[in-house]
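Read-outs throughout are calculated quantities, based only on the coordinates presented, and are distinct from any laboratory measurement. Because the structure is predicted, anything quoted here is derived from the model rather than measured. Positions of Cβ are generated from backbone atoms using ideal geometry, with glycine treated the same way; all protein chains shown enter the neighbour counts.
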Amino acid sequence: MSSRDQFESSYAECTGAKIEDVRSWRMGDSYRMPSAATAWRWWQRAKDAA
């Protein structure tokens, strides 16, 4: 499972969103939904710091 797949699964679980919806929000290397886009940026920073 890729880091992005892990993020989307975790984001859906934490927010109650459907995984299919989260995936449909993809926009290049970000997301159309501002909250998902922000969470994705922090997810990437945390992975880079590890």
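If only the Cβ of Lys and Arg carry +1 and only the Cβ of Asp and Glu carry -1, the dipole of the chain around its Cα centre is close to 140 debye. Between D21 and K47, the distance separating the two model label sites (each 7 Å from Cα on the Cα→Cβ line) works out to 2.3 nm. Between C14 and M1, the modelled labels are 1.4 nm apart [label points 7 Å from Cα along Cα→Cβ].
Once P(r) over Cα pairs in 10 Å bins from 0, in percent is calculated for the structure shown, the corresponding label among (1) 21, 26, 23, 24, 6; (2) 26, 63, 11; (3) 26, 51, 22, 1 turns out to be (2). How much net charge surrounds R23 when only other residues with a Cβ under 12 Å from its Cβ are counted (Lys, Arg +1; Asp, Glu -1)? Every neighbour counted, the sum reads 0. Loop-resident trypsin sites (Lys or Arg not before Pro) (DSSP state other than H, G, I, E or B) in segment 1-31 with no more than 14 further Cβ atoms inside 10 Å of their Cβ: K18.
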